[in-house]
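Taking it in order: structure first as structure tokens, then the write-up.
The values are calculated or read from the model by the stated rules, or taken from the named source; none is laboratory data. Quantities reported herein were computed from a predicted structural model and do not represent experimental measurements. Neighbour counts run over all protein chains shown; Cβ positions are idealised from the backbone, glycine included.
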Ligand SMILES: *Cc1c(COP(=O)(O)O)cnc(C)c1O
């Protein structure tokens, strides 16, 4: 009988006990608002910022309400507004073009390669069109950051990194989020640390950091931050910067702080799961794996593979076959977006010129989550099911090709 997988692709690990304890403490004293501290108390949100700045080696950190908020806050701090064009990957999640649209700016989509990273040829062709690139390390695939940084520097384009899938990852030892001028992270449940919702922003730039603290809604209490610039930097900015309220609270910060120290351990466990999937799908005809460059230290919290140049019916059949055996694959091919998968053509508020190379990749792109509640054995079972369903469909197709149905 065909094997079945019974695990849940959306079940994350529980919050570590230390996080639960810290959260209970915040609830017991009731001071959930980040600026509600008693004499001498350092709030959890301020401490989280200090911890995350230290972890990434950034001078400054601001904790905010969501990853999407972090992205729009970064754009506002850079003075991006109505009518401005912002470059971004065509392969990303809806909150990225959403953040650009939220400040009235216009996304200009840059194509993606078969390696699921930004297409440098397309980027070079479009660098002249915008002042900012919002680079999304979608599903944890990091492009050659040395080349990217050099290209953008030369063109005078500022880079905001969307690190929703790369918190804990690095390129040649430099943490993801630290190549660009601003790095944005999400602490939403499906990312690498979990507070339900939440976001973090890092930068080394005094002026931008102060603007983002003020934008997040600091009133005149920015002095209570532990990873913000000196008060003098705020002197003029505090009169000029709108409060676009989007702070993180002490409860979420308390849940998150103990998880930061687990990030590297989590990365190693994720890599084991990822490598088990990869090993199980290594030599399946018709199935293309995504290469992982040696310079990249990645967080394998999700897994992608390509069924390039296959007819949509074949991929549909494979997705259905896997689903019937408990394996949830997300496919970026269909016109109609489902669940969290949407394509640049789904964001109709942001017109794009067609990107044929990207369309070919997305038409064959399959994606699955790898929550840490999976074991290496689970991954082997999942990989077997995928391999069998892909092979079975390929066999059916070649049989049909050999004996065409009568007219
Ligand atoms: C989740 C996600 C975001 C936004 O994060 P939220 O915290 O959900 O707002 C941004 N970019 C990508 C690629 C994401 O997956």
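So which helices (runs of 4 or more DSSP H) are wholly in segment 44-147 and hold at least 3 residues that are within 16 Å of the ligand (Cβ to nearest atom) and surrounded by fewer than 24 Cβ atoms within 10 Å (Cβ to Cβ)?
Numbers: elements: 44-56, 67-77, 95-102, 120-126.
Where helices (runs of 4 or more DSSP H) fall fully within segment 44-147 and carry at least 3 residues being within 16 Å of the ligand (Cβ to nearest atom) and surrounded by fewer than 24 Cβ atoms within 10 Å (Cβ to Cβ), they are 95-102.
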Do you know which residues across segment 177-188 are within 12 Å of the ligand (Cβ to nearest atom) and part of a loop (DSSP other than H, G, I, E, B)? 187, 188
Among the residues of segment 392-407, which ones are farther than 16 Å from residue 324 by Cβ and in contact (Cβ under 8 Å) with a residue 60 or more places away in the chain? 394, 397
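Given the options 343, 292, name the one that is surrounded by fewer than 19 Cβ atoms within 10 Å (Cβ to Cβ) and either assigned by TED's automatic domain parsing to the domain that holds residue 101 or on the phi < 0 side of the Ramachandran plot (or both). Write out each step before concluding.
Values: 343 fails: surrounded by fewer than 19 Cβ atoms within 10 Å (Cβ to Cβ).
Just one listed residue meets the conditions, 292.
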Residue 364 vs. criteria buried (at least 18 other Cβ atoms within 10 Å of the Cβ) and at pLDDT 95 or above: yes
For segment 155-164, check the following and say yes or no: at least one residue is in contact with a helix residue (DSSP H, G or I) (Cβ under 9 Å, 6 or more places away or on another chain), surrounded by 21 or more Cβ atoms within 10 Å (Cβ to Cβ) and over 17 Å from residue 110 (Cα atoms). yes
